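Asker: My questions will all concern the structure given below.
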Amino acid sequence: MMKLAVLAAAAGSAAAFAPVQQGRTSTAVQAFENELGVIAPTGFFDPLNLSKNISKEKFDEYRTAELKHGRVCMLAVLGYIAPETYRFGYDIAPGVSTYDIPNGVAAIDYIPALGWAQIIFFIGAVDYWGVLGDFDFGKPDLGDKEEERKLQELQHGRLAMLAILELLRHDSQNFVSPGFDGYDNMITGLPFIYGN
């Protein structure tokens with residue numbers, strides 16, 4: 001076993017001194033390095049090579065999906081945090097008030113089957129038919145700042161995707177092991193929210 005470890009270390013150190021090809025970049029980076037969303041310090045970030053040998057149309061499809069997922073995650077983060085501060089007092093099903101449903105992951109067990117059916121149908125309808133659509137009202141006139149705002153939306157969406165994953169991870173861990181972090185509530189910096 002020791003001989004195998006020494007052999008592996010020797011092979012690894014020999015590879016460290018092998019000549020390296022210079023000046024070769026992937027075609028994906030060359031094709032899409034000037035697209036919106038390519039920002040420092042990462043540049044064009046595609047660790048799984050999803051954009052390798054794809055057309056511009058396929059890249060635009062991926063970018064549209066990224067934008068859509070970012071928007072959904074921005075709403076999800078707001079929807080995850082808002083019930084910590086305020087509840088609308090209505091019944092989501094006969095006899096099931098919003099006041100009775102816990103926050104976060106714990107709510108999964110409290111939502112009745114009809115509620116899940118409504119949620120799944122609504123999400124499916126919006127995704128398939130585009131029910132929410134593209135409305136002309138409510139759009140600001142951005143003028144020459146349109147590119148900057150599109151980049152900001154992409155960045156905010158990327159951050160929201162990471163944020164909702166962390167909220168779900170933290171809340172799931174807290175659901176399995178209550179108080180693992182030593183806090184009673186999700187939002188710890190504003191105790192007046194909870195009446196403390």
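The values are calculated or read from the model by the stated rules, or taken from the named source; none is laboratory data. Everything quoted here is computed from the prediction, not taken from an experiment. Don't worry about glycine lacking a Cβ; one is built from the backbone with ideal geometry, like all the others, and counts go over all protein chains shown. Keep in mind that these areas ignore ligands, DNA and RNA; they rest on the heavy atoms of the full protein, side chains included. Shrake-Rupley method; radii C 1.70, N 1.55, O 1.52, S 1.80 Å.
Asker: Between residues in the stretch 45-70 that are under 14 Å from E33 (Cα atoms) and residues that are outside any helix (DSSP H, G or I) and of a type in the set (F, W, Y), which pairs lie under 9 Å by C-beta distance while being six or more apart or on different chains?
Answerer: S51/F44
Asker: Among what's in the stretch 41-79 and is touching a helix residue (DSSP H, G or I) at 6+ places or on another chain (Cβ under 6 Å) and small (G, A, S), pick the residue that is nearest to L168 (Cα to Cα).
Answerer: So, considering only residues that are touching a helix residue (DSSP H, G or I) at 6+ places or on another chain (Cβ under 6 Å) and small (G, A, S), the one nearest to L168 (Cα to Cα) is A76.
Asker: Six or more apart or on different chains, Cβ atoms under 7 Å: show the pairs whose first residue is in the stretch 141-160 and within 17 Å of L75 (Cα to Cα) and whose second is open to solvent by less than 70 Å² (accessible area, probe 1.4 Å) and of a type in the set (V, I, T).
Answerer: Pairs found: A160/V77.
Asker: Return a yes/no flag: does the stretch 40-48 have any residue that is charged (D, E, K, R), open to solvent by less than 80 Å² (accessible area, probe 1.4 Å) and either at pLDDT below 85 or on the phi > 0 side of the Ramachandran plot (or both).
Answerer: Yes - at least one qualifying residue is present in the stretch 40-48.
Asker: Name the single residue, out of those in the stretch 111-128 being in contact (Cβ under 8 Å) with a residue 12 or more places away in the chain and either of a type in the set (A, V, I, L, M) or more than 11 Å from A93 (Cα to Cα) (or both), that is most open to solvent (accessible area, probe 1.4 Å).
Answerer: L114
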